[in-house]
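In what follows, a single structure is set out as structure tokens and then discussed.
The values are calculated or read from the model by the stated rules, or taken from the named source; none is laboratory data. All of these numbers come straight from a predicted model, not from anything done at the bench. Because the Cβ atoms are built from the backbone with ideal geometry, glycine has one as well, and the counts that use them run over all protein chains shown. Heads up: the accessible areas ignore ligands, DNA and RNA and are worked out on the full protein's heavy atoms, side chains in. Shrake-Rupley method; radii C 1.70, N 1.55, O 1.52, S 1.80 Å.
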Amino acid sequence: MTDPIFILCVGVVIVVGGIIGLKLHPFLALLSAALVVALLTPTASLEQFYISKGSSVAEAAKLAHKSIGERIATEFGNTCAKIGILIAMAAIIGKSMLDSGSAEKVVRAMLKLTGIKRAPIGFILSSFFLTIPVFVDTVLFLMMPLAKAMSIRLGNKNYLMLVLTVIAGAVMANSFVPPSPGPLFLVGALNVPIGLMMVCGTLLGLCTITVGYFYAVWANKKWPIPLRDAPDARLEDIKAIANKGDKELPPLGLALLPAVFPLVTICIRSAVEAFATPKVPLTESPFLNKLIDVVLFFGDKNIALFAGAVFALLVLIKQKKTMKSGLTAFVQTALLSGGGIILITAAGGAFGGMLQQTGISSRIADMTKDYQMALIPLAFFITAVVRTAQGSATVALITASGILAGMAQNANLGFNPVYLCLAIGAGAKLVPWMNDAGFWIMCKTSNLTEREALKTIAPMQTIMGLAGLILTMIAAQLFPMI
């Protein structure tokens, strides 16, 4: 049987070599790697993978004999189902907010609060707290246009620092603080009180994003990367908006609406799903319950982003009276940019899915089960290896928690199991690269090249993850039984 580690290495060589060495388009490189990985994966490994997902032996045998093309297309489609509408709507929101002057208005309001020198601090804190109740990709989609507008406002300076601060805040909240999906899964698997995880995760997250902020400042000085959002003519349009007076821009309330409406409704839905009892009315008033149902309907991330796109287009039409006749062409341009991101991201999901079907997670679990070391660094190490190997932070979290859940219930553990949750969350930050759908979203929304992302985003997340491990071990030593 072909070893999953060998298959992983082959996939890595194809992706990295294809994109950086052969200058292949990422979509082709990722699909090629997915195809080769699928070809090398034995039928027995596929059957074992499907059984581990809950299929019966007969069902697993049937699924394992699907054609390679069908398996790749299924994983490709699964990724599209998760991010396709989000990316398309976010592309419309981003372009509309830039062209209408909404992004410029928001940037000016932020500058009044933080001052120009402290603008990146505002970005990193905003993305951190927004990601706690909101899907991380949604926050990236909504905040990247603001980072671009801010860079233009600053004379096309400090763009890399702004991008990295947005990413730093978002990814750390996504790992540490419920009701983000990963931490929410961990507290259930390791039997940790959700309130304790929220407090500890927030404190650790704020410490790690501070490390990320200083890295962003350093990286921005070492590798100053300008905004390359579009051809020169496009940049000139954005600069023209930046030079407009306040009265020529939309009111702040309207400027915020396309971004705030999705965020607020998604936050409300997340809170209700995390804390409400299923099938029990939240109030005794039929009217209020109906109103809550409406809010929850709009709180679905796909519908929320669709509504945000509608609001963004309405603000654009209000600002540009002549826009109605050219609205179709405008949306077409926005969707063309979003379509490329969807294809690349979905191809990354297909590659990651094929790697998972090799049994790489189980292989790593077997390699580490008898490794004698302290549980906290072991939790970090297992998660980091699985995350780097197959791309999905969520799969890495589930794998590590499955290995450690039994030990977490040990009465002689010596420290609160919340520290295991934090260590697993920190390990899930190492190391983002081409097999991660999130990596492609960061690249394509920020317009960094793959080489630039590997040189800046990947080291930043790695450093923040290591900082999280060190701080977790220190806290476990000082306050073992919080």
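No solvent, one uniform scatterer per C-alpha: report log10 I(q)/I(0) for the stretch 103-202 via the Debye equation at q = 0.11, 0.13, 0.19 1/Å, two decimals.
Calculated log10 I(q)/I(0) at the listed q: -0.36, -0.48, -0.82.
By how many nm would the segment from N156 to I470 grow when fully extended, if each residue of separation counts as 0.36 nm and the alpha-carbon distance is taken off?
That works out to 109.4 nm of additional length.
Quick one: go through the stretch 327-353 and flag any residue whose amide nitrogen is under 19 Å from the point 7 Å out along the Cα-to-Cβ line of S67.
Only 350-351 fall inside the zone, counting backbone N under 19 Å.
Using only Cα atoms, tell me the angle between helix 43-52 and the longest principal axis of the chain; keep it within 0 to 90° and round to the nearest 10.
80
Kindly state, to the nearest 0.05, the FRET efficiency for T210 paired with T74, given R0 = 41 Å and r defined as their beta-carbon distance.
The formula returns an efficiency of 0.50 here.
Suppose a student asked you for the relative contact order of the chain, using Cα pairs under 8 Å spaced at least 6 residues apart; what percent would you report?
23
Using the beta-carbon distance between W223 and E248 and R0 = 45 Å, what value does 1/(1 + (r/R0)^6) give for FRET efficiency, to the nearest 0.05?
With R0 = 45 Å, the Cβ-Cβ based efficiency is 0.80.
For V217, what accessible area in Å² do you get when you roll a 1.4 Å probe over the heavy atoms of the protein chains, rounding to the nearest 10?
Its heavy atoms expose roughly 40 Å² to the probe.
Across every pair of different alpha-carbon atoms, what Kirkwood hydrodynamic radius in Å does the stretch 32-92 reach?
Its Kirkwood hydrodynamic radius stands at 13.0 Å.
Counting other C-beta atoms within 10 Å, and keeping those with at most 14, which DSSP coil trypsin sites (Lys or Arg not before Pro) do you find in the stretch 58-142?
For trypsin sites (Lys or Arg not before Pro) across the stretch 58-142 that sit outside H, G, I, E and B with at most 14 neighbouring Cβ atoms in 10 Å, the list reads K66.
Exceeding 26 Å between C-alpha atoms, which entries from my cross-link table qualify? They are K221/K247; K82/K105; K301/K444.
Beyond 26 Å between Cα atoms: K221/K247; K82/K105.
Where in the stretch 444-482 is the amide nitrogen less than 12 Å from a point lying 7 Å along the Cα-to-Cβ axis of V199?
Hits in the stretch 444-482 for V199 at 12 Å: 482.
Where does each of V106, V310 land when they are ordered by accessible area, with a 1.4 Å probe and the largest first?
The ordering from most to least exposed comes out as V310, V106.
Any idea which of P4, V294, F185 is furthest toward the positive side of the dipole for the chain, if Lys and Arg beta-carbons carry +1 and Asp and Glu beta-carbons -1?
V294
At 7 Å along the Cα-to-beta-carbon direction for both K320 and T43, put a label point, then send me their distance in nm to one decimal.
Those two pseudo-labels are separated by 5.8 nm.
Say the dipole of the chain comes from +1 at the beta carbon of Lys and Arg and -1 at that of Asp and Glu; which of L466, L142, F27 then lies farthest toward its positive end?
Farthest towards the positive pole: L142.
Picking from G427, I93, I457, whose Cα lies most toward the positive end of the charge dipole for the chain (charges on Cβ: Lys, Arg +1; Asp, Glu -1)?
Among G427, I93, I457, the one farthest towards the positive end of the dipole of the chain is I93.
Go through the stretch 159-170 residue by residue and turn each phi into a ³J(HN,Hα) via Karplus (6.51, -1.76, 1.60, θ = phi - 60°); whole Hz please, and just put x for glycine and proline.
Karplus-based 3J(HN,Hα) across the stretch 159-170 equals 5, 4, 4, 5, 4, 5, 5, 4, 5, 4, x, 5 Hz.
Would you calculate a helix-derived [θ] at 222 nm for the chain, using -39,500 (n - 2.57) for each DSSP H run of n ≥ 4 and dividing by the full residue count, to the nearest 500?
Theoretical 222 nm ellipticity from helices: -25500 deg cm²/dmol.
What distance in nm separates the simple spin-label points at V260 and K23, each placed 7 Å from Cα in the Cβ direction?
Between V260 and K23, the label points sit 4.8 nm apart.
Take every Cα pair under 8 Å in the stretch 1-137 that's 6+ residues apart, average their separations, divide by the length, and report that relative contact order as a whole percent.
After rounding, I find 14 percent.
May I ask you to compute the full-extension gain from D300 to L113, defined as 0.36 nm times their residue separation minus their alpha-carbon distance, rounded to one decimal in nm?
64.2 nm
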